[in-house]
1. Can you report the number of residues in segment 65-87 which are over 19 Å from I189 (Cα atoms) and either in a loop (DSSP other than H, G, I, E, B) or among the hydrophobic types (A, V, I, L, M, F, W, C) (or both)?
2. Take Y38 and tell me if it is within 15 Å of Q286 (Cα to Cα) and modelled with pLDDT of 95 or more.
3. Scanning for something charged (D, E, K, R), touching a strand residue (DSSP E or B) at 6+ places or on another chain (Cβ under 7 Å) and farther than 16 Å from R41 by Cα, does segment 268-277 turn up at least one residue?
4. Working only within segment 102-125, note down all residues that are assigned to a loop (DSSP other than H, G, I, E, B), of a type in the set (S, T, Y) and surrounded by 21 or more Cβ atoms within 10 Å (Cβ to Cβ).
5. Being surrounded by fewer than 20 Cβ atoms within 10 Å (Cβ to Cβ) and closer than 28 Å to G127 by Cβ: is that true of K315 here?
6. Only one of F82, F68 is crowded, with 20+ Cβ neighbours inside 10 Å and over 14 Å from the mean Cα position of the chain (by Cα). Can you tell me which?
7. Identify, please: which residue in segment 264-306 is hydroxyl-bearing (S, T, Y) and assigned to a loop (DSSP other than H, G, I, E, B) and is, among those, surrounded by the fewest Cβ atoms within 10 Å (Cβ to Cβ)?
8. Among (1) within 22 Å of D214 (Cβ to Cβ); (2) surrounded by fewer than 16 Cβ atoms within 10 Å (Cβ to Cβ), there is one condition R250 misses while meeting the rest; what is its number?
Amino acid sequence: MKFHYSLFVYLVLLFLFGCESNDPGFNPSKNTSTDYHYKTRHLVIVVIDGPRFQDTWGDPFKVNIPHFANELAAIGINHNRFYNRGATYTTSGHTAITTGSYQWMANDGSEIPFHPSIFQSWLQKHGANPNQAQIITGKKKLAILSDCVDPKWRGKFNPIVNAENRDDHETMQVARLILEQYHPRLTLIHFRGPDKYGHENDWKNYTKSITETDQYTHEIWQFLQNDPFYKDVTTLMVTNDHGRHSDGIRDGFISHGDFCEGCVHVNLFAAGPDFYSNREINKPRQLVDMAATVAILMDIDLPASSGSVMWELFK
């Protein structure tokens, strides 16, 4: 009964918010190579799993994210009103980020997305080697992001996936090696720490892991700016798949999965050669808008996406 009620609420919210940031001028199918004029040639997405906005950018003092606050903010844009308007679970959130479509997913890794991802679409359109599109995650179940149900795409144009249940420092080591060795053009790096320690009711390590991912993200940006292949032609986008319950809601930061402010309010930070710098934006946006924006930057088609291009990021 509880599941059916949650599903009903999800469908209602999807109807209400699905068009919240629609841009009627955007048609991914018209994003052809003749239209392409951006400086971005490579793109890295970092997903920090499950911190609350109030514990990151929503904190006026930003005590858990010193590198974002003191260094990265000056070179990029932060979206303060960024939301997961779908199911606030790991697999569903990542599916929204990578396909541009909301889908109520089993959260155990037992089902794959309906629609092709930015990775499959990019590999198909550009005929690239699979090692040029890579997914590196700290949760084994996120291997589902490499494929989709659509029979025209299933088993085709699959990116390379490195998905293991591991601590964030190990994921960072793997990501660094892959970036150095293969120089993928489209990459997703996932850090599980905040979600893991939140579920364990370990506040100390929950906040510590947020600070660690802040450090890792800073290190990734520094690497991108010092590597000749990536320097000045790479966009970095950093977000969360979901938040956690607000204080006073159910068991607070321990869990997530409903539509309270703490669960739906996530963050987006973006930096790159085509974006403004040193700005904060308060226009409401949502996870599916990331894929639409990636499609423009990386010259791919995502006709199944319900997202809109975040033109306010662009110079």
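1. 10
2. no
3. Narrowing segment 268-277 to residues charged (D, E, K, R): 274.
Next, from what is left, pick out any that are touching a strand residue (DSSP E or B) at 6+ places or on another chain (Cβ under 7 Å): 274.
With the extra rule that they be farther than 16 Å from R41 by Cα, the set shrinks to none.
No - not one qualifying residue is present in segment 268-277.
4. Residues satisfying the conditions are Y102, S117.
5. no
6. Numbers: F82 fails: over 14 Å from the mean Cα position of the chain (by Cα).
The unique qualifying residue is F68.
7. S277
8. Single failed check for R250: (1).
The values are calculated or read from the model by the stated rules, or taken from the named source; none is laboratory data. Keep in mind it's a predicted model, so treat the numbers as computed, not measured. We place every Cβ from the backbone using ideal geometry, glycine too, and count neighbours over all the protein chains shown.
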